[in-house]
Each structure stands twice: as C-alpha cells, then as structure tokens.
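FYI, it's all coordinate maths here, none of it is from the lab. The structure displayed is predicted, hence computed values, not measured ones. Every residue, glycine among them, receives a Cβ derived from its backbone with ideal geometry; neighbour counts consider all protein chains shown.
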Amino acid sequence: MRSPVDISTKLPKVGTTIFTIMSKMAHDHGAINLSQGFPDFEVDPVLIDLVSQEMRSGNNQYAPLAGVMTLREAIANKTKRLHGVSYNPEREITVTAGATQAIFTAITALVKEEDEVIVFTPAYDCYVSPIILNGGKPVYVQLRGPEFKVDWNDVKKVVTRKTRLIIINSPHNPSGAVWSEDDMRELERLATNSDALVLSDEVYEHIVFDGRKHWSASKFPDLAKRSLIVASFGKTFHVTGWKLGYIMAPENLMEEFRKVHQYLVFCVNAPMQLAIAKYLEEPSRYNGIAKMYEKKRDTFLAQLEGSRFRFQPTEGSYFQLLDYSAISNLDEVKFAEKLTKEFGVASIPVSVFYHKPLEQSCLRFCFAKSDETLSKAGEILREL
C-alpha cells in the first residue's frame, strides 16, 4: 500500500541505519555479528533478580516524569563518588529511555532554526538528524590522524556567534579514542568564551583502558555549568535492550529538557529503574567494567596475531578499528559486505560515520562478546 498524499521528507539523506543493515546481513548469512554494539554474554543474575522482585512487588505502573527518586539519588551519589561533583537529584537529573532519547531530547529542547551545532567526525549517527529536524545547521570538524584527536585550531575556526551547541563523545564511537584533560580544558575555555552549550555523550564512561582516566565534563566547573551529560545503563551493565539511561545538567537547562521529555516518552519503565537503583549500591559493579572489557579487547587482538590487519589497541569503548589495506582495495562498505557474506564476520565501515564518506580502509569491530565468539571470529580474520 502507498499513500496517495505526496509528502516532502524532512530527512532526505537518511535511510535505514548501517547498524540495522549489517545486523540483518549477519543474520541472513549466518555471520558472526561484530557489527552492532551489543554484548552476547549473560547479564548479572543479581540484576535480573532485582528486576523480578520489583515486578512481583507490584511496581509496574508509571514512574515519575524525571525518574524514580531512589535512582536519581543513586546517580547523584555515583557522580559525587567518581567525579567529586554534586548534582541535585530533584532538579538536575532525569532518567531517559536510553542515551539516544536523551540526546534527541536535548537537541530538540535547545536548538532553534539557524543555530549552528559543532559535530566531531567520525560521529555516531544519532547526532545530526535531530539537528536538521529542529532547523539547526550541523558544522563538522574532522578528528585528526590515525589517533582521532582534536585539532583545536580547527574548532576555533568554525565557532561563530551562531554556535549554540558543541557535541562531544568520549570514549569515542567509532574510534575508541579518549579525550585528555587538556582537551577538556580547551573545550571549557572555548565554550565559555563563545557562550556555547555542550552536549557530552559519555555512554562508555566506565570502559577506558591501560590506566587512562575518563574526564567527564562534570569535573570542570565552568564546563559543567553549560553542559548536558548523557550516560547509559545499557552500555554499563550489558543490557542494551532495556534502553535505560540518564542525563545531568544545571537546573535551568534541565527545565527546558523536561519540557520536551514529557511529550516524547513522559517516563521510563519503573521496575528496571528501581532495580538499578539497588544495584548501584555496590560500586564494584561499575568500577570493574573497564578491566573486564580490557581483557576482551586483548583477547580479540591476540586472535589477530599473524593476520594482515593493522591496528592500534583501542583506548576505550568496546570497539576496535582494523585497517585492512594490506588485504583488499575495496571501499569500506563493499569490503564489509564481502567479509560478512563470503567469510562470515560482520563489522561496520568507518566511512559511514562521516558526513561525506572518507575511505581509510578501516572497519569497526565490537568485542563485547564471549571468548568463544571472539575466538571463532579471530580464526576467520587470521586467514584473510
């Protein structure tokens, strides 16, 4: 069936996301799915039991708009413990239906027509569409070199009086690069001098490797005053299907955020909020995540010894980039398709994370998988 009414699309350049495409391709061809970023190992049974207990206790109706208070208090306590910063759980924290909803809502609440929004590329694909839908203009700054680092001179050149928002992401998807303290201080100076707001995507905050530190925007006083900080329980506790996250911001920014939030989702499912509030009482449940994923990264890279892939171990997140230039001259999309259909391992081409595809013979692989899955994938990749 097709509607007889002609419409003008608001997103003419947007189709099905690459993650859906590659996951479907992996399913159709029986490939090992290292494309989409979801774990294939079990969730902590303690967390599952906590959710079940809340459901059986009758906590199955609407939660408050901003989230269950016990969870907001647990988030505030966690932030204070990790970063030494106090957020008011009543007025400065909102629980969201995943990080993507938080990002969409924040952009919708703050970006008006003709506002400019700085986006660092390669960038996760949920940033640009809401900018366009709200009449804003994305302004792209390309991260430099194989390390995907910020050249602050590039950033300064594009900041104007129209710059309303700067979107950052550390640890970074797709590259896994982690911003340094110096980067965050440069951002703080730039945002303060330009009067821009900052949307800090910190969903991989607990997944940093080799002794590195995650520098949250909340740690820098002048930056925190103008920042909305997004986090994800789905990423942290391996429950991506629960779509549960949160956002922290100064009271006046959160007031605008909640105006939009209430009409997008109103609230987030109650039993999982209550369960996670109790689960957060033990800090080791999130403090130990980095070591677990660092071991998985090292397991995956050990499987690639003797292969023709080139790589630098990722600094954070659960993604590893592999350079296949010694294997094939195909462009990234075509090589990713060939790798999935003919060899049985699905990945994501990094070129799709740019507003204008940039070919670097580079694919992104998710190592948030069981050792068995990583071993099977490694065996295939070594033979290429």
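Things to note:
- Scanning the range 30-69 for residues that are surrounded by 15 or more Cβ atoms within 10 Å (Cβ to Cβ) and of a type in the set (S, T, N, Q) yields ASN33, SER35, GLN36, ASN59.
- Enumeration of residues in the range 144-160 that are surrounded by fewer than 19 Cβ atoms within 10 Å (Cβ to Cβ) and either under 24 Å from PRO349 (Cα atoms) or without any contact (Cβ under 8 Å) to a residue 12 or more places away in the chain (or both): ARG144, GLY145, PRO146, GLU147, LYS149, ASP151, ASN153, LYS157
- Residues of the range 70-119 that are touching a residue at least 40 places away in the same chain (Cβ under 8 Å), of a type outside the set (D, E, K, R) and part of a loop (DSSP other than H, G, I, E, B): GLY84, VAL85, TYR87, ASN88, ALA97, GLY98, VAL111.
- Qualifying residue in the range 105-121 (condition: closer than 18 Å to PRO250 by Cα and in contact with an Asp or Glu (Cβ under 6 Å, 6 or more places away or on another chain)): yes
- Look at (1) farther than 27 Å from ALA123 by Cα; (2) loosely packed, with under 13 Cβ neighbours inside 10 Å and you find that LYS78 fails only one, number (2).
- Conditions (1) over 30 Å from GLY67 (Cα atoms); (2) surrounded by 21 or more Cβ atoms within 10 Å (Cβ to Cβ); number of the one not met by ALA106: (1)
- Conditions (1) touching a Ser or Thr at 6+ places or on another chain (Cβ under 8 Å); (2) surrounded by 20 or more Cβ atoms within 10 Å (Cβ to Cβ); number of the one not met by ALA275: (1)
- Enumeration of residues in the range 327-342 that are touching a residue at least 60 places away in the same chain (Cβ under 8 Å) and either of a type in the set (S, T, N, Q) or surrounded by fewer than 17 Cβ atoms within 10 Å (Cβ to Cβ) (or both): THR340, LYS341
- Top-ranked residue in the range 124-137 [being surrounded by 19 or more Cβ atoms within 10 Å (Cβ to Cβ) and not in a helix (DSSP H, G or I); ranked as farthest from the chain's Cα centre (by Cα)]: GLY136
- In the range 55-62 there is no residue matching the filter, namely being free of Cβ contacts under 8 Å to residues at least 60 places away in the same chain, within 30 Å of ASN153 (Cβ to Cβ) and not in a strand (DSSP E or B).
- Cβ-Cβ under 8 Å pairs, at least 6 apart or on other chains, the range 355-384 side within 29 Å of GLY145 (Cβ to Cβ), far side assigned to a helix (DSSP H, G or I) and of a type in the set (Lys, Arg): PHE367/LYS296; PHE367/ARG297; ALA368/LYS296; LYS369/LYS296; LEU374/LYS296
- Qualifying residue in the range 345-356 (condition: closer than 17 Å to GLU383 by Cα, of a type in the set (A, V, I, L, M, F, W, C) and assigned to a loop (DSSP other than H, G, I, E, B)): no
- All positions within the range 221-256 that are more than 12 Å from the chain's Cα centre (by Cα), of a type in the set (Gly, Ala, Ser) and surrounded by fewer than 24 Cβ atoms within 10 Å (Cβ to Cβ): ALA224, GLY241
- Residue check, ILE167 more than 30 Å from ARG297 (Cα to Cα) and either assigned to a strand (DSSP E or B) or touching a Lys or Arg at 6+ places or on another chain (Cβ under 8 Å) (or both): no
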